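First comes the structure, then the notes that go with it.
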Amino acid sequence: MSGGMTSEESSFKREMLAALPSLRAFAMSLIGRHDRADDLVQDTIMKAWAKQDHFEMGTNMKAWLFTILRNELYSQMRKRGREVQDSDGYFTESLAQHPAQYGSLDLQDFKRALEMLPPDQREAIILVGASGFSYEEAAEICGCALGTIKSRVNRARQRLQEILQITGENEYGPDATSAPMTSRAFVS
Amino acid sequence: MSVRTDNPNAQIATKLRALYLSVQEEAIPDRFLDLLEKLDAVERQSMPDVAE
C-alpha cells in the first residue's frame with residue numbers, strides 16, 4: 001500500500017525467508033532425505049516466486065508455501081510414475097545416508113516409523129503435530145475435508161504406536177547374546 | 001525400566017517435534033539465500049516499467 005511496489009517485493013522475499021526453516025523441516029519429514037528434500041524446497045521457491053502475484057500479503061505465507069511444496073511433491077511423484085502409496089523405494093536410503101543426522105537412536109527409530117506411514121497420514125500428523133497448523137489449516141493445505149484430516153491424524157498416531165512398540169521389542173535383537181546371560185543371572 | 005506409563009500420544013508428539021525441530025533449527029543453506037538473491041535481482045532488473 002503505502003510502501004509501493006519495491007518494498008512489497010522485498011517483504012515477499014523476507015516472509016519467504018522466514019518460512020524457509022519450517023518449509024525445509026516439512027520437506028525433510030515428508031521425504032526423509034536431505035538432498036531430495038532440499039531439491040523439493042528449491043522447486044517450491046521457484047514455483048512460489050513465479051506466482052507471487054497470486055499471494056495476498058498479510059495472509060499465511062507459510063501455509064501457502066506448504067501447499068505449493070506438497071502439490072509439487074505429489075506431482076513429481078506422479079511424473080516419476082511412482083505410486084503415492086509406495087513409500088518404499090522412495091525412502092529406504094534415508095537412514096543409510098544420514099545415519100548420524102539425528103541425535104539419538106530413539107529419533108532414528110521414530111524417523112523410520114514415520115516413513116512407514118502412508119503419505120497422507122504422514123503429512124497430516126506432521127502438519128498438525130509439528131508444523132503448528134490447526135486441523136482447519138491442514139485440511140486446506142491438503143485439499144481435503146476437516147474430518148478426513150482428523151481421521152488421518154488419528155490413524156497416524158495409532159499406526160506409530162503400533163510400529164514403535166514393534167521396534168521396541170526388536171531392540172533386544174542385537175543383544176541376543178548378553179540378554180540370556182543377564183536373565184539367567186537374575187533367575188538362578 | 002521403561003517409560004511406557006506415559007501417554008503414548010504425548011511420546012509420539014514429543015518425538016515428532018524433536019525430529020522436525022532438528023531440521024528447522026539448521027541454518028538456511030546458502031543455496032537458498034543465493035537463489036532468492038538471484039530471483040530478486042532478476043525481478044528488479046526487469047521491473048523498471050511497472051506501469052502495466
Notebook entry, point to check: Between a first residue in the range A:132-157 that is β-branched (Val, Ile, Thr) and a second residue that is outside any helix (DSSP H, G or I), which pairs have beta carbons less than 7 Å apart while being 6 or more apart in sequence or on different chains?
Noted result: A:ILE141/A:PHE133
Margin query: Looking at the range B:7-50 only, could you name the residues that are within 19 Å of the chain's Cα centre (by Cα), more than 7 Å from chain A (Cβ to nearest Cβ) and among the hydrophobic types (A, V, I, L, M, F, W, C)?
Written below: B:LEU21, B:ALA27, B:LEU33
Notebook entry, point to check: A:ILE126 is checked against (1) surrounded by 18 or more Cβ atoms within 10 Å (Cβ to Cβ); (2) at pLDDT below 75 and fails just one. What number does that condition carry?
Noted result: (2)
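The values are calculated or read from the model by the stated rules, or taken from the named source; none is laboratory data. Source: prediction; values computed, not measured. Neighbour counts run over all protein chains shown; Cβ positions are idealised from the backbone, glycine included.
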